[in-house]
Amino acid sequence: MGNADRFTHPFFLIAACSLSSGTYWIDPNLGCSSDTIQVTCNFTKGGQTCLSPITASKLEFNIGRVQMNFLHLLSSEVVQHITIHCLNMSVWREGSTEKPSEKAVRFKAWNGQIFEAEGPFKPKVATDDCKIQDGHWHKTVLTFRTQDPNQLPIINIYNLPPSEPGKQYHLEVGPVCFL
């Protein structure tokens, strides 16, 4: 792990081209060192700077509002993937229909906007196998990509069905990556 301060962030990619991809501690607001954040920089993917959740099963990130605001201000695009693993419960579509269910999950963005199946902000659904209810685990994979960096990370999920005997789910929260 290195300490490349602000230079690991994509908007400083030209100045930091000698750095290699890896994990760094950065300080987007160039304040005191006590509020640095750990990120993964990927210079081979166009200069992504990724912030991982505290645990892969929760929508929690170890970053203060001020530092997140600086990442938002200094970025032009952001992406995040969320996978919902499910056992006998649908979270997006039900049955063989291609239309999302009225009970489909909804996602609250960092800025309070809602991503939902029929709204102005929609995630891209890469896989939706949770609609298969056959006693085996399946998954629904959603991608959130926006040129409004203030929208991510996702901070809450609504309409997740309650777990009950024979019906369960667990989350796999991906990092939020800034460009």
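Every read-out reported here was derived from the displayed coordinates using simple, explicitly stated rules and does not represent laboratory data. Given the structure is predicted, the values throughout are model-derived calculations rather than measurements. Glycine also receives a Cβ, built like all others from the backbone with ideal geometry; neighbour counts cover every protein chain displayed.
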Taking the dipole about the Cα centre of the stretch 49-179, with the C-beta of Lys and Arg at +1 and of Asp and Glu at -1, give me whichever of Cys50, Val105, Gly119 is farthest to the positive side. Cys50
Taking the square root of 5 times each eigenvalue of the Cα gyration tensor, what semi-axes in Å does the equivalent ellipsoid of the stretch 103-179 have, largest first? 25, 13, 12
In whole Hz, what ³J(HN,Hα) sequence does the stretch 44-50 give by Karplus (6.51, -1.76, 1.60; θ = phi - 60°), x for Gly and Pro? 7, 10, x, x, 5, 10, 10
Looking at (i) 17.3; (ii) 20.6; (iii) 16.5, which value of Kirkwood radius over Cα pairs in Å comes from a calculation on the structure shown? (i)
What is the local net charge at Ile155, summed over the other residues whose Cβ is closer than 13 Å to its Cβ (Lys, Arg +1; Asp, Glu -1)? +3
So what is the calculated 222 nm ellipticity per residue for the chain, using -39500 (n - 2.57) for each DSSP H run with n of 4 or more, over all residues, to the nearest 500 deg cm²/dmol? -1500 deg cm²/dmol
What relative contact order, as a whole-number percentage, does the stretch 54-178 give when Cα pairs under 8 Å and 6 or more residues apart are counted? 41
For the stretch 49-71 and the stretch 153-179, compute the distance between their C-alpha centroids and round to whole Å. 16
For a protection proxy built on the mean count of beta-carbon atoms within 10 angstrom, sort 40-51, 23-34 highest first, please. 40-51, 23-34
With 10 angstrom as the radius, rank Ser90, Ser163 by how many other C-beta atoms surround their C-beta, starting from the fewest. Ser163, Ser90
Hey, got the dipole for the chain? About the Cα centre, +1 on K and R Cβ, -1 on D and E Cβ, debye to the nearest 20? 80
